[in-house]
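Worksheet: one structure, shown below.
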Amino acid sequence: MSADVLVVGGGLGGVAAALAALRAGRSVVLTEEFDWLGGQLTSQAVPPDEHSWVEQFGVTASYRALREGIRAYYRRHYPLTDAARRWVHLNPGAGGVSRLCHEPAVAKAVIEAMLLPYQSGGRLRILQPYKPVGADTDGDRVTAVTVAGNGHDVTITARYVIDATETGELLPLTGTEYVTGFEAQAETGEPSAPAEAQPMNMQAVSVCFAIEHVDGDHTIDKPQSYDFWRAYTPPFWGGPLLSFRSPSPRTLEIGERGFTPNPDDDPLKVRADQRLDPGDGNLWTFRRIAARKLFREGFYASDITLVNWPMIDYFEAPVIDVPDAETQLMNARELSKSVLYWLQTDMGFKGLRLRGDITGGSDGLAQAPYIRESRRIKAEYTIVEQDLSHAVRGDKGSVTYHDSVGIGMYRIDLHPSTGGDTYIDVASSPFQIPLGALIPRRMENLLPASKNLGTTHITNGCYRLHPVEWNIGEAAGALAAYCLDTNSTPRAVRGNDTKLAEFQHRLTEDGVELAWPDVTGY
């Protein structure tokens, strides 16, 4: 196959990259390893983590269209109560983590609808499920990528190749220079960095799952490794991993979270705002994706909640650049099953029922692991902690980049890592996405579109969330199209004030915000 632009990886960044290139009139091949497009929003089953101003500003127009498309889908197809239907900022799950908690399959349906016109028009071809297995290069250019799936290989040529995979799979395949894990403080100057680089020290991965609480005994078979996980006690945890007690990410104080299935709350009164409250006090409502009281009485036998909780974080070993990655991912799945079994047996919640039909995984869990940290390109510009840390920047706000291609906001939120570290959770200032972080130091036609841009281990913690990944991908797709239109290169666009201004104008015309209004971080 051939196309103007090849996008490998159909997560949020990949979908946004494909849409941006398609809007600009370019042909696209989009490949995805799993059955659902949407990555962390769908196959990984993670409700969107978003900033406090998401309903007013701070996301791209196309990401806002995705969010409003999800709400419209509920209003069109679900039996909402009259009050829920009138709720302008409808939150179907009334979860505490986000103003829009919803079932993963709804996002999948909306994403497919956004792409369908371009498939019908013949400019978009989607290969799914296909995984990258090889690449051809000529000097500093990628000439072809080979993907495998459905029993055969497909080799795709394109003038621009966008790596939107969850782990930066194309970087080693193409010989693109990259880093993993912690950088040394001497290299980055970051206050939270260690003295020496720790390339195999990476954030935990998590295999999420959906549950409800109904009558009967729905206890799953005892997982093979349950006894190991039941006794597992991380040194910084304050007790067993399988417990409602764990460190507060922000203070590291050991505290106990609540767990009350199907509480008698009023979901219409939930106003998720992580600036004021992390929302994780009651784990049931933390990432609830269907609040039964927002729908016709009896439609849902129970709320449905999404389990992405501290105790499912798998930080025993990395899953990138190791020979036993598949084994480690299976161990992560065993941990998640062990958490459910612990809830059903030790904690006595036998009515908890796994909703694999909600997440699409063959074993009842999410199809894909939630990968928080990727391989990252060695970029023309690397974003460091002191660019946006509120403790460093204070009232000045984050560093202003002349080459901004978007904006984002989230705390620097690092989960426990494979090197034995506990949480690192640092207040951030609303930040920009510099074009220099999307340009590899050497490769000319390969662009990152996910968590593989030029961040550090630390700043990855706030550039990895849903709307930021979408913006990164949208900028990458738009950049590929602009370079094709102008017979230029990404490096030349960044290095030429006239071209940069013209490209930034194109972005703003497409509804990409390049700077924040006067708001303070948290």
Quiz item: Counting only residues that are open to solvent by 20 Å² or more (accessible area, probe 1.4 Å), at pLDDT below 95 and in contact with a helix residue (DSSP H, G or I) (Cβ under 8 Å, 6 or more places away or on another chain), how many does segment 469-521 have?
Solution: 1
Exercise. Inspect segment 252-267 for any residue being part of a helix (DSSP H, G or I) and in contact with a Lys or Arg (Cβ under 8 Å, 6 or more places away or on another chain) and give the result as yes or no.
Key: yes
Quiz item: If you check Thr176, Thr155, Thr233, which single one turns out to be under 30 Å from Glu33 (Cβ atoms), modelled with pLDDT of 95 or more, assigned to a loop (DSSP other than H, G, I, E, B) and not acidic (Asp, Glu)?
Solution: Thr176
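Could you please give the count of residues in segment 420-448 that are in a loop (DSSP other than H, G, I, E, B) and over 20 Å from His402 (Cα atoms)? Please lay out each step first, then the result.
Our first condition is that a residue be in a loop (DSSP other than H, G, I, E, B); within segment 420-448, this holds for 420-423, 427, 429-430, 439, 441-445.
Adding the requirement that they be over 20 Å from His402 (Cα atoms) leaves 420-423, 427, 442-445.
Qualifying residue count, segment 420-448: 9.
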Quiz item: Within segment 113-126, restricting attention to residues that are under 21 Å from the mean Cα position of the chain (by Cα) and touching a residue at least 60 places away in the same chain (Cβ under 8 Å), which residue is nearest to Gly69 (Cα to Cα)?
Solution: Met114
Quiz item: Hey, Ala107 hits all of (1) in contact with a Leu (Cβ under 6 Å, 6 or more places away or on another chain); (2) closer than 29 Å to Thr489 by Cβ; (3) not hydroxyl-bearing (Ser, Thr, Tyr) but one; which does it fall short on?
Solution: (2)
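Among the residues of segment 385-395, is any in contact with a helix residue (DSSP H, G or I) (Cβ under 6 Å, 6 or more places away or on another chain), part of a strand (DSSP E or B) and either closer than 27 Å to Ser428 by Cα or not aromatic (Phe, Trp, Tyr) (or both)?
Scanning segment 385-395, I find no residue that is in contact with a helix residue (DSSP H, G or I) (Cβ under 6 Å, 6 or more places away or on another chain), part of a strand (DSSP E or B) and either closer than 27 Å to Ser428 by Cα or not aromatic (Phe, Trp, Tyr) (or both), so the answer is no.
Could you list, in sequence order, all residues of segment 44-63 that are under 26 Å from Pro369 (Cβ atoms) and either touching an Asp or Glu at 6+ places or on another chain (Cβ under 7 Å) or part of a helix (DSSP H, G or I) (or both)?
Narrowing segment 44-63 to residues under 26 Å from Pro369 (Cβ atoms): 44-51, 54, 59, 63.
Correct list: Tyr63 only.
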Quiz prompt | Members of segment 1-40 found to be within 19 Å of Glu103 (Cα to Cα) and open to solvent by less than 10 Å² (accessible area, probe 1.4 Å), listed by number | solution = Gly10, Gly11, Leu12, Val15, Leu37, Gly38, Gly39, Gln40
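Got at least one residue in segment 467-485 being in a loop (DSSP other than H, G, I, E, B) and in contact (Cβ under 8 Å) with a residue 40 or more places away in the chain? Reasoning before the result, please.
If we filter segment 467-485 for residues that are in a loop (DSSP other than H, G, I, E, B), which is where we start, we get none.
No.
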Practice problem: For segment 349-376, name all the residues that are surrounded by fewer than 23 Cβ atoms within 10 Å (Cβ to Cβ), hydrophobic (A, V, I, L, M, F, W, C) and in a loop (DSSP other than H, G, I, E, B). | Solution: Phe349
Quiz prompt | Residues of segment 87-120 classified as closer than 19 Å to Ala210 by Cβ, open to solvent by 10 Å² or more (accessible area, probe 1.4 Å) and in a loop (DSSP other than H, G, I, E, B), total | solution = 2
Quiz item: Is there any pair with a first residue in segment 440-458 that is closer than 12 Å to Gly139 by Cβ and open to solvent by 10 Å² or more (accessible area, probe 1.4 Å) and a second that is modelled with pLDDT of 95 or more and outside any strand (DSSP E or B) whose Cβ atoms are under 6 Å apart and which are 6 or more apart or on different chains, and what are they?
Solution: Arg442/Asp140; Glu444/Asp140; Glu444/Thr489
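So which of Asp421, Asp413, Asp395, Asp425 ends up being modelled with pLDDT under 95 and open to solvent by 10 Å² or more (accessible area, probe 1.4 Å)? Break it down stepwise before answering.
Values: Asp421 fails: modelled with pLDDT under 95; Asp413 fails: modelled with pLDDT under 95; Asp425 fails: modelled with pLDDT under 95.
Only one candidate passes the filter, namely Asp395.
Looking at Ala61, is it in contact (Cβ under 8 Å) with a residue 12 or more places away in the chain, closer than 18 Å to Phe295 by Cβ, surrounded by fewer than 24 Cβ atoms within 10 Å (Cβ to Cβ) and more than 18 Å from the chain's Cα centre (by Cα)? Explain how you work it out, then say what you get.
Values: in contact (Cβ under 8 Å) with a residue 12 or more places away in the chain: yes; closer than 18 Å to Phe295 by Cβ: no; surrounded by fewer than 24 Cβ atoms within 10 Å (Cβ to Cβ): yes; more than 18 Å from the chain's Cα centre (by Cα): yes.
No, not satisfied.
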Practice problem: Please work out which one of (1) open to solvent by less than 10 Å² (accessible area, probe 1.4 Å); (2) more than 22 Å from Gly216 (Cβ to Cβ); (3) aromatic (Phe, Trp, Tyr) is the condition Trp342 fails and give its number. | Solution: (2)
Self-check item: Verdict on Gly356 being under 27 Å from Gly13 (Cα atoms) and modelled with pLDDT under 95
Solution: no
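Within segment 256-278, is there a residue that is hydrophobic (A, V, I, L, M, F, W, C) and within 27 Å of Thr345 (Cα to Cα)? Before you say what the answer is, go through the steps one by one.
Initial filter on segment 256-278 (hydrophobic (A, V, I, L, M, F, W, C)): 259, 268, 270, 272, 276.
Of the ones still in play, those that are also within 27 Å of Thr345 (Cα to Cα) are 259.
Checked against the condition, which is being hydrophobic (A, V, I, L, M, F, W, C) and within 27 Å of Thr345 (Cα to Cα), segment 256-278 yields at least one hit.
Might you let me know whether segment 200-214 holds any residue that is at pLDDT 95 or above, of a type in the set (Val, Ile, Thr), open to solvent by 50 Å² or more (accessible area, probe 1.4 Å) and in a loop (DSSP other than H, G, I, E, B)? If you could, list the steps in order and put the result at the bottom.
To start, the set of residues in segment 200-214 that are at pLDDT 95 or above comprises 200-214.
Next cut, of a type in the set (Val, Ile, Thr) only: 205, 207, 211, 214.
Keeping just the survivors that are open to solvent by 50 Å² or more (accessible area, probe 1.4 Å) gives none.
No, because not a single residue in segment 200-214 is at pLDDT 95 or above, of a type in the set (Val, Ile, Thr), open to solvent by 50 Å² or more (accessible area, probe 1.4 Å) and in a loop (DSSP other than H, G, I, E, B).
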Quiz item: Taking Gln224 and the conditions (1) open to solvent by less than 80 Å² (accessible area, probe 1.4 Å); (2) over 27 Å from the mean Cα position of the chain (by Cα), which numbered condition does it fall short on, given that it satisfies the others?
Solution: (1)
Quiz item: Among the residues of segment 136-178, which ones are open to solvent by 20 Å² or more (accessible area, probe 1.4 Å) and of a type in the set (Asp, Glu)?
Solution: Asp136, Asp138, Asp140, Asp153, Glu166, Glu169, Glu177
Practice problem: Could you pull out the residue among Leu30, Leu37, Leu66, Leu19 that is assigned to a loop (DSSP other than H, G, I, E, B), touching a residue at least 40 places away in the same chain (Cβ under 8 Å) and under 20 Å from Ala478 (Cβ atoms)? | Solution: Leu37
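Which residue is nearest to Trp342 (Cα to Cα), if the candidates are limited to segment 229-279 and must be among the acidic types (Asp, Glu) and open to solvent by 30 Å² or more (accessible area, probe 1.4 Å)?
Glu256
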Quiz item: Any idea which of (1) in contact with a Phe, Trp or Tyr (Cβ under 9 Å, 6 or more places away or on another chain); (2) part of a strand (DSSP E or B) is the one Thr146 doesn't satisfy?
Solution: (1)
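The values are calculated or read from the model by the stated rules, or taken from the named source; none is laboratory data. Since the model is a prediction, treat every value here as computed from it, not as a measurement. No Cβ is skipped: glycine too gets one built from the backbone with ideal geometry, and neighbour counts run over all protein chains shown. Each accessible area value is taken on the protein alone, full model and side chains, heavy atoms only, with ligands, DNA and RNA left out. Shrake-Rupley method; radii C 1.70, N 1.55, O 1.52, S 1.80 Å.
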